[in-house]
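The values are calculated or read from the model by the stated rules, or taken from the named source; none is laboratory data. Keep in mind the model is a prediction, meaning the values are calculated, not measured. A quick note on method: Cβ atoms are made from the backbone with ideal geometry, for glycine too, and the neighbour counts reach across all protein chains shown.
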Amino acid sequence: MQELFKKAWKKILESKNIVLAAHINPDGDALGSSLSLYPILKEIGKKVTIFNVTKPLPMYLDFLPNFDKVTDKLPKNYDLLISFDCGSFDRLGIEERPKFLINIDHHISNTNYGDINIIDPKAASSSQVVYNMLKANNVTIPKESAICIYTALVTDTGSFQYESVTDKVFEMAADLVKCGVKPDFVAKMLFQRDRLSRLRLLAKAYETIELCCEGKVAFVEVTKEMMEITGAIKDDTDTIVNSVRAIASVEVACMLREDEDGIKISLRSKNYADVSKIAVKYGGGGHIRAAGATIKDEFDFEKVKNMLKNDLKEIVKIEE
Ligand SMILES: [Mn+2]
C-alpha cells in the first residue's frame, strides 16, 4: 500500500488540472473525501475541480469547507481524475474515460477501474485511505481538509460504532483534532440540525416495520406517498434502516424505497450476515454490514420482499 500511496502522489504532483469526483448521491464519506484534497492541491498550485453529478447535493453536509465549489460541469481538458468512495466507474456519472484515473476506495466490491487503484476494504472510510496517503507522503493536513476527513470518518463508522473502528481510527481522529477539528462542531452540524419532515417520515415508515425469520430480519417501507405527505426528501430516508437494525432481535434490516426507476433496497447487518452478497446479486454493491441496490422497473413491494426473504433466510441462518 505504501508504494501505491507514493505512486499516486507522484502522479498528482505531475498533473496540472485535476478533477476530484465522488459517486452519485454522495454520502459524508464520498463528499468529505473528495473535498478533503481541494485545499491541499490548491496550495501547491493545481487547478482543481470538485465534480459531482448530483443535484441538489445533500444539504446536511453543507458545512464542509468548499462545499459550494462542487460543480456538475467537467473542465474541457484535464490530466487526472481522482475518484473517491466509488465502487464502479459508471457511478461517477462521467461518460468519457479520463486520461488518467486514480481510484481511492474501501468498498470490497470495487471493480478496480482506475489506472492506479488504492482499495483498502479494511479502512473505516475512504477518507482514511486519503489520510494514509497524505501521511505516507508527509503532507501537512490543513484544518479545512481535516474537517472533511473527520466528517467522512464519523459518518462512515456510525459515529465510531462499527467493527471497522480500530486503534488506528482513533489515532487518526486524535491527529485530525490536533489539525484543528472540533468534534462537537461536526457532531452538531451532522446530528443536531434535523428536519421536522424527516421525523414525520420516520413515524410513518416505522409503522410498516415487519419482522420475519424469527425476528432476525426486519423490513421497513418508504413509499412515494409518505414522502409527499410529509414533505420529506430522499436524504431524509438515509438513516431509517440503521434505526430499524437497532431492534434487539434483528440481524439484518432492509429498507425498501419507492424511487422513480424502481425499488431501492438498503441493507444493514449487525453481527455476522454479509449483506453485500445480496446487493451484488441485484446489481448493487457495498460492504459486509451496509449495502444497497436498486431493483429497476419493479414497484411491487410485496414481490421484492418475498424475493429478499428467500435470500435473507439463508444469510441469517448461521450464528456465531
Ligand atoms: Mn465510504
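Tabulated results
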| quantity | calculated |
| --- | --- |
| Residue match in the range 244-252 (condition: assigned to a strand (DSSP E or B), modelled with pLDDT of 95 or more and not charged (D, E, K, R)) | yes |
| Answer residue from the range 121-136, given it is within 16 Å of the ligand (Cβ to nearest atom) and farther than 18 Å from Gly28 by Cβ and is surrounded by the fewest Cβ atoms within 10 Å (Cβ to Cβ) among those | Lys122 |
| Which listed residue is within 16 Å of the ligand (Cβ to nearest atom), outside any loop (DSSP other than H, G, I, E, B) and over 28 Å from Asp194 (Cβ atoms), from Ile102, Ile118, Ile108 | Ile118 |
| Residue check, Asp90 away from the ligand (no atom under 16 Å from the Cβ) and under 21 Å from Val280 (Cα atoms) | yes |
| The range 206-225: number of residues that are assigned to a strand (DSSP E or B) and crowded, with 20+ Cβ neighbours inside 10 Å | 6 |
| Residue satisfying all of: in the range 283-315; surrounded by fewer than 20 Cβ atoms within 10 Å (Cβ to Cβ) and assigned to a loop (DSSP other than H, G, I, E, B); modelled with the lowest pLDDT among these | Ile288 |
| Any chance Tyr113 is over 23 Å from Gly158 (Cα atoms), in contact with a helix residue (DSSP H, G or I) (Cβ under 9 Å, 6 or more places away or on another chain), hydroxyl-bearing (Ser, Thr, Tyr) and outside any helix (DSSP H, G or I) | yes |
| Residue tally, condition hydrophobic (A, V, I, L, M, F, W, C), within 16 Å of Ala253 (Cβ to Cβ) and without any contact (Cβ under 8 Å) to a residue 60 or more places away in the chain, over the range 292-307 | 2 |
| Out of Ala203, Ala187, Ala173, sole residue that is surrounded by fewer than 16 Cβ atoms within 10 Å (Cβ to Cβ), assigned by TED's automatic domain parsing to the domain that holds Pro56 and part of a helix (DSSP H, G or I) | Ala187 |
| Count - residues of the range 137-153 that are part of a helix (DSSP H, G or I), away from the ligand (no atom under 16 Å from the Cβ) and either in contact with a helix residue (DSSP H, G or I) (Cβ under 6 Å, 6 or more places away or on another chain) or closer than 21 Å to Met1 by Cα (or both) | 3 |
| Selected residue (criterion: surrounded by the most Cβ atoms within 10 Å (Cβ to Cβ)) from residues of the range 1-25 that are polar (S, T, N, Q) and not in a helix (DSSP H, G or I) | Ser15 |
| Filtered residues of the range 226-243 (kept if touching a residue at least 24 places away in the same chain (Cβ under 8 Å) and part of a helix (DSSP H, G or I)) | Met226, Met227, Ile229, Thr230, Lys234, Asp235, Asp236, Thr237, Ile240, Val241, Asn242, Ser243 |
| Of all residues in the range 265-278 being free of Cβ contacts under 8 Å to residues at least 60 places away in the same chain and buried (at least 20 other Cβ atoms within 10 Å of the Cβ), the one that is farthest from Ala123 (Cα to Cα) | Ile265 |
| Every residue from the range 1-53 that is more than 16 Å from the ligand (Cβ to nearest atom) and among the charged types (D, E, K, R) | Glu3, Lys6, Lys7, Lys10, Lys11, Glu14, Lys16, Lys42, Glu43, Lys46, Lys47 |
| Subset of the range 69-87 that is within 16 Å of the ligand (Cβ to nearest atom) and not in a strand (DSSP E or B) - its residue that is surrounded by the fewest Cβ atoms within 10 Å (Cβ to Cβ) | Gly87 |
| Filtered residues of the range 4-49 (kept if in contact with a Lys or Arg (Cβ under 6 Å, 6 or more places away or on another chain) and of a type in the set (S, T, N, Q)) | Asn17 |
| Residue match in the range 26-38 (condition: touching a His at 6+ places or on another chain (Cβ under 7 Å) and in a helix (DSSP H, G or I)) | yes |
